[in-house]
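Have a look at the structure below before the remarks.
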Amino acid sequence: MKQDIPKAYNAQNVEDSIYKVWEESGFFNPDNLKGDKTFTISMPPPNATGQLHIGHAMFLTLQDLMIRYHRMLGEKTLWLPGTDHAAIATNAKVEKLLKEEGKTKYDLGQEKFIARVQEYIKQSQGTIRQQIRKVGSSCDWSRERYTMDEGLTKAVQTVFLNMYKDGLIYKGYRIVNWCPHCESTLADDEVEHKDQPAKLYYIKYGPFVVATSRPETKLGDTGVAVHPKDQRYKKYIGQIINIDLAGHKIKIKVFADKEVDQEFGTGAIGVTSAHSLVDFAFAEKHDLEKIQVINEKGTMTKAAGKYAGQKVLEARKNFLSDLSKAELLVKEEDYTQATAICYRCGTAVEPLMSSQWFVKVESLKKKAITAVKSKKIKIIPERFNKIYFQWMENLHDWCISRQIWFGHRMPVWYKKDDKEKNNPIVQIEDPGKGYFQESDTLDTWFSSGLWTFSTLGWPGKTEDFKNFHPTTVMETGYDIIFFWVARMILMSEYALQEIPFKTVYLHGLVRTRDGKKMSKSHPETCIDPLDAIKKYGCDALRMSLVVGNSAGNDLKIYDEKIENYRNFVNKLWNVSRYILMSSENLEIKELSINTLADQFIISRLQNIISSTTNNLNNFNFGQAGEDLYDFVWHDFADWYIEITKFQPNKEMLLFVLENILKLLHPFIPFVTEEIWKQFKQDELLMIEEWPKANNKLIDNKAEKEFDFLKDIIIQIRNLRSQYKIEPKKIITVYSRKKYADDEKKIIEKLGRCEIKVEWPDSKNKTSELANSHYKFSVVLGDLIDTAKEKKRLQQEIDGLKKYLTGLEKRLSNTNFIKKAPKNIVAQEKIKLAEKQKLLKDLKDNLDSL
RNA sequence: GGGUGUAUAGCUCAGUUGGUUAGAGCGUCACAUUGACAUUGUGAAGGUCUCUGGUUCGAGUCCAGAUACACCCACCA
């Protein structure tokens, strides 16, 4: 008999020590697990210098849930954790730190700057590691990786080298997205579009008028495009025209292209080859000169003539004023423009000419599309397939070089005298003196794309790689399907000719109660996972991140919700406390099923075991959690346990509890493990075997029978409540049916009544109750309010009549009889008979009042 | 411009391939309180399932259209 269990579950007192026991047990490591089948998840690596936010908490919970479930299924389960170097973000952070010391990165130089960054990461990496543990993550720390560690760097260099050899990586001079703030290129998907009010300026342009939202770029125009059939401009096609733009002289070539829309603007486009992607395409096609008028810092170049050295906006203002003075500015129009901005800093992206490294995607994307089309990779929810295909099909060559100092250096070298970097030498080994390495670094997503296999020791031929790749599930947010999921498929298909994972499970975003994205911009409604854990316990947080949500959908979270699951965790605690405290022997020798209640609970348990198993197999985590919540609180605690207070069955209580703990463990690992410890000191719930349903114990008849009993009790309680009968008063209930002793006792105890199996003297004032199976009446004596009772019955009769009318109509419809399945018709007929009988009973009752 | 999602009780959401009189939690109201649990128990009130058509014996569920909100993609100068 245990007496020393605290009344309320105190998560804070136990979580850390339980985590320590788990971690030290070695069972996070699949090497210590038995089983032939493997189950692998690569953890999406949080930023090495980051702080845990609610989004992390959500993915950690979902992944841990899967991992714990599969571990209990007896699979060799690997959850490989790690951190990401997050090039741009980390680079920026350290630059900021330097600035506080009054220094810039140029004072240090690239080598020392990187050393400084590494030092900073080392220092702050511990934070996120500890925070990942706080959520209960059962990942294998012995295999933890970091995107910049030696092995991963080797993988990056190897893939780069191979791609270069295969002609899939090339250096090209072309328009790229340039962020003047980050001073680096951006990939196409790192550019966001935001609608902004803008002005469209119409400029007189020799014989043409052209429209532009960026007048300053016109200083570098080298062409005018018109539609081949445009009568207005036909005569100019092929001519080279000198144009004076308020003193700035340009020479343009007029050419025809079907892409031009005659209706938009003036039908004539001033072509700025070096600062617009569309125009660049024109320039390539029609062989135009490309003049760069804006440089990497966002200032005008020498080619911009007298505007050289001015910032873009400044130059625009001055140029417009000059045009206006020269009467070349025809008109201005307001319109909304989708402005391209940097996804990281929000600065307007400057398209400009630059020599950069690219990945040729044409052949890769075909494979990546096939991988999903062929169903080798399954995306959950399915609708993201379409989004994935669309994106893949429109993918352009991927710019992978960044001018950020921190990141994977490319294995590219130049001779000391090749200052223009025209003749790259691609090899992993340093060619030694006389050479210098490319200072550009690689897009973070290049290394992230290798994550599923670079973390397993590839390119080495390791056991881990053989055993755990392809990984089983990739669980991540739908917001990085392009950045990351798509890249992993591309890279894995290229490097291994193999998919990186079999299933992609996409979760949604975590939002505040009013639907805002949880970010630092509205701290008032933001949930900090660490605060929530402190306040409500980790298990409560986990439940509220899982229940009420399904794949691909956003989740709203707020305090009351977490509080509710804290209450649930506490309920489970007290259920266990009750069972443990009232059980002298904690061993289950032989399970005996004696009563209807026993039959009911053991049957329901089998059902919940199989439904939970099915739901988890089908990634319906929310549903599984909700069903368990319901089973524990209502079926088990509210009904079964209450009944065992007068029909004890200690072994059954223990048995059901054990199973509940197992089923709930993947959702709420801490409290379940803590309770488990109370009666199995030397065993860990974490590696217990997942329950299997025993279909022989499923008893639908008993479940139905039990539901009728519940119905009777609820009706009696309802009546007591209506008549405000003192809770302690025992009332008399007459029943026409003779109940088995155990059933009779259940009604008597839970309805606080005494059952007499005889029909009451009609002179007694009674309230009569009935359901479709049993008729019974409650003697209320002087308490009865005839008028009230009549009204109640009348209401019930009215409702029933309405329902019967519908039912009769349905059954008299020959089409229904003919076309509906037979079992449905039969079912409806039974229903009709039952309800008619009930109606008659109710009417009799009313008459007798 | 192209695409996707969502719309069910005051709030947050379930509702599986169409088949009872549409469910839960929170909140609200009423009642209960020393023995697992007030982080509780018992009961109640609360819904034209956004709208309009259609398919069907039967639609919250399927189809079409509309409206509202959210999101993603996109190089119309």
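Can you tell me which residue among A:E726, A:E683, A:E688 is under 30 Å from A:V135 (Cα atoms) and surrounded by fewer than 16 Cβ atoms within 10 Å (Cβ to Cβ)? Spell out the reasoning first.
Working: A:E726 fails: under 30 Å from A:V135 (Cα atoms); A:E688 fails: surrounded by fewer than 16 Cβ atoms within 10 Å (Cβ to Cβ).
Residue meeting the stated conditions: A:E683.
Got a number for residues in the range A:149-175 being within 16 Å of RNA strand B (Cβ to nearest atom) and either of a type in the set (V, I, T) or part of a helix (DSSP H, G or I) (or both)? Before you say what the answer is, go through the steps one by one.
First pass over the range A:149-175, keeping only residues within 16 Å of RNA strand B (Cβ to nearest atom): A:174-175.
Imposing the further condition that a residue be either of a type in the set (V, I, T) or part of a helix (DSSP H, G or I) (or both) reduces the set to A:175.
Of the residues in that region, 1 qualify.
Quick one: in the range A:717-752, which of the residues that are basic (K, R) and more than 9 Å from RNA strand B (Cβ to nearest atom) is nearest to the chain's Cα centre (by Cα)? First the steps, then the outcome.
Here is the first cut: in the range A:717-752, the residues basic (K, R) are A:717, A:720, A:724, A:728-729, A:736-738, A:744-745, A:749, A:752.
With more than 9 Å from RNA strand B (Cβ to nearest atom) added as a condition, the list becomes A:729, A:736-738, A:744-745, A:749, A:752.
Values: A:K729: 53, A:R736: 56, A:K737: 54, A:K738: 55, A:K744: 50, A:K745: 49, A:K749: 47, A:R752: 49 Å.
So the residue we want is A:K749.
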Residue within the range A:512-535 that is within 9 Å of RNA strand B (Cβ to nearest atom), within 18 Å of A:E15 (Cβ to Cβ) and either surrounded by 14 or more Cβ atoms within 10 Å (Cβ to Cβ) or at pLDDT 90 or above (or both) present: no
Pairs where the first residue, in the range A:729-745, is in a loop (DSSP other than H, G, I, E, B) and the second is aliphatic (A, V, I, L, M), C-beta under 8 Å, 6+ apart: A:R736/A:V757; A:K737/A:V757; A:K738/A:V757; A:Y739/A:I747; A:Y739/A:I755; A:Y739/A:V757; A:A740/A:L596
Filtered residues of the range A:801-826 (kept if more than 7 Å from RNA strand B (Cβ to nearest atom) and of a type in the set (S, T, N, Q)): A:T805, A:S812, A:T814, A:N823
The listed residue being farther than 24 Å from A:P470 by Cα, modelled with pLDDT of 95 or more and away from RNA strand B (no atom under 16 Å from the Cβ), out of A:W405, A:W357: A:W357
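Any idea which residue in the range A:565-590 is nearest to RNA strand B (Cβ to nearest atom), counting only those that are outside any helix (DSSP H, G or I) and within 16 Å of A:I641 (Cα to Cα)? Working first, answer last.
Step one: of the range A:565-590, the residues outside any helix (DSSP H, G or I) are A:582-590.
Checking the rest, the ones that are also within 16 Å of A:I641 (Cα to Cα) come to A:582-583.
Values: A:S582: 7, A:S583: 11 Å.
Going through the qualifying residues, I end up with A:S582.
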Checklist (1) among the hydroxyl-bearing types (S, T, Y); (2) within 26 Å of the chain's Cα centre (by Cα); (3) over 26 Å from A:L97 (Cα atoms) applied to A:T158, failing item: (2)
Qualifying residue in the range A:367-375 (condition: assigned to a strand (DSSP E or B) and loosely packed, with under 13 Cβ neighbours inside 10 Å): no
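Show me the strands (runs of 3 or more DSSP E) found entirely inside the range A:245-345 where at least 1 residues are of a type in the set (V, I, T) and either touching a helix residue (DSSP H, G or I) at 6+ places or on another chain (Cβ under 6 Å) or crowded, with 21+ Cβ neighbours inside 10 Å (or both). Outline the logic, then answer.
Numbers: elements: A:248-256, A:268-271, A:329-342.
Fully inside the range A:245-345 and qualifying: A:248-256, A:268-271.
Here's the yes/no breakdown for (1) of a type in the set (A, V, I, L, M, F, W, C); (2) closer than 20 Å to A:E289 by Cβ:
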residue: A:V209; (1), (2): yes, no
residue: A:S213; (1), (2): no, no
residue: A:L219; (1), (2): yes, yes
residue: A:V224; (1), (2): yes, yes
residue: A:P228; (1), (2): no, no
residue: A:R232; (1), (2): no, no
residue: A:A246; (1), (2): yes, no
residue: A:K251; (1), (2): no, yes
residue: A:D257; (1), (2): no, yes
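Residue by residue through the range A:362-374, note down the ones that are within 15 Å of A:M474 (Cα to Cα) and more than 16 Å from RNA strand B (Cβ to nearest atom). Break it down into steps so the answer makes sense when it comes.
Filtering the range A:362-374 for residues within 15 Å of A:M474 (Cα to Cα) gives A:371-372.
Across the range A:362-374, the qualifying residue is only A:A371.
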Residues (buried (at least 20 other Cβ atoms within 10 Å of the Cβ), near RNA strand B (Cβ under 10 Å from one of its atoms) and assigned to a strand (DSSP E or B)) located in the range A:176-204: A:N177, A:Y201, A:I203
Qualifying residue in the range A:588-595 (condition: farther than 27 Å from A:A11 by Cβ and within 22 Å of the chain's Cα centre (by Cα)): no
Qualifying residues in the range A:678-711 (those that are over 26 Å from A:P6 (Cβ atoms) and polar (S, T, N, Q)) - the one modelled with the highest pLDDT: A:N694
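Given the condition surrounded by fewer than 19 Cβ atoms within 10 Å (Cβ to Cβ) and more than 9 Å from RNA strand B (Cβ to nearest atom), answer yes or no: does some residue in the range A:500-507 qualify?
The first filter runs over the range A:500-507 and keeps only residues surrounded by fewer than 19 Cβ atoms within 10 Å (Cβ to Cβ), leaving A:502-503.
Remaining after also requiring more than 9 Å from RNA strand B (Cβ to nearest atom): A:502-503.
Yes, the range A:500-507 contains a residue that is surrounded by fewer than 19 Cβ atoms within 10 Å (Cβ to Cβ) and more than 9 Å from RNA strand B (Cβ to nearest atom).
What strands (runs of 3 or more DSSP E) completely inside the range A:393-492 contain at least 1 residues that are over 31 Å from the mean Cα position of the chain (by Cα)?
Details: elements: A:412-415, A:435-437, A:471-477.
Output list reads A:412-415, A:435-437.
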Failed item in (1) under 24 Å from A:P669 (Cα atoms); (2) crowded, with 17+ Cβ neighbours inside 10 Å, with A:I588 passing the rest: (2)
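Name the single residue, out of those in the range A:603-658 being outside any helix (DSSP H, G or I) and in contact with a helix residue (DSSP H, G or I) (Cβ under 7 Å, 6 or more places away or on another chain), that is surrounded by the most Cβ atoms within 10 Å (Cβ to Cβ).
Restricting to residues being outside any helix (DSSP H, G or I) and in contact with a helix residue (DSSP H, G or I) (Cβ under 7 Å, 6 or more places away or on another chain), the top hit is A:N649.
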Residues of the range A:36-86 that turn out to be charged (D, E, K, R), surrounded by 23 or more Cβ atoms within 10 Å (Cβ to Cβ) and assigned to a loop (DSSP other than H, G, I, E, B), as a count: 0
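The values are calculated or read from the model by the stated rules, or taken from the named source; none is laboratory data. All values derive from a computational prediction rather than experimental measurement. Cβ coordinates were reconstructed from backbone atoms using ideal geometry, including for glycine residues, and neighbour counts include every protein chain displayed.
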